[in-house]
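The values are calculated or read from the model by the stated rules, or taken from the named source; none is laboratory data. Worth saying up front: this structure is predicted, and the values here are computed from it rather than measured. Here the Cβ positions follow ideal geometry from the backbone for every residue, glycine too, while neighbour counts run over all protein chains shown. In case anyone asks, the SASA skips ligands and DNA or RNA and just uses the protein heavy atoms, side chains included. Shrake-Rupley method; radii C 1.70, N 1.55, O 1.52, S 1.80 Å.
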Amino acid sequence: MSKTADRIKLLRKQKQLTQSELANIISASRMAIANYETNRNTPSLGMLSLLAEALNTTTDYLQGKTDSPVRNLSQEALPTHPNATRVDLADKQLILSYEGQDLSDDYKQAIFAVLKTMHDGNKR
């Protein structure tokens, strides 16, 4: 199987999407997704771009040109932090660690609660 096929399937499952749900997001058929995931068909560059957007990754990652699935923010978005990366804290596959130790679910929930409180406080 190709890296592209493997990575599409892996990210789709990590996002807990069915083939049909991913297909709906990118306006394609379930069969198209199935064919990409089994390497029967190769997505066009345009379709690869849609898949990357839907799966919150880059086309380079899907093509195997990089091993990092994380999309970098543009320099315009964070002009003072050009090397910053965006991490979606809602991603169920996100593993948080501190000083090399994975945080428990209780610690993660506490961190999310603090962030939510801070975020909600900024809206006032």
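When only the heavy atoms of the protein chains count and the probe is 1.4 Å, how do M118, M1, M47 rank by accessible area, highest first? Kindly include the intermediate steps, with their values, before the conclusion.
Values: M118 115, M1 145, M47 35 Å².
Sorted descending by solvent-accessible area, the residues read M1, M118, M47.
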Accessible area in the full protein assembly, largest first, 1.4 Å probe, for K65, K13: K65, K13
Y61 - accessible surface, heavy atoms, 1.4 Å probe, Å² rounded to 10: 20 Å²
Label-point separation in nm, Q14 to L45, each point 7 Å along Cα→Cβ: 2.5 nm
Accessible surface of T42 - all protein chains present, 1.4 Å probe, nearest 10 Å²: 110 Å²
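Output the pairs from K15/K108; K13/K108; K9/K108; K3/K116 with a Cα-Cα distance over 29 Å in this structure; if there are none, say none.
From K15/K108; K13/K108; K9/K108; K3/K116, over 29 Å: K3/K116.
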Per residue convex hull volume, Cα atoms of the stretch 6-49, in Å³: 64 Å³
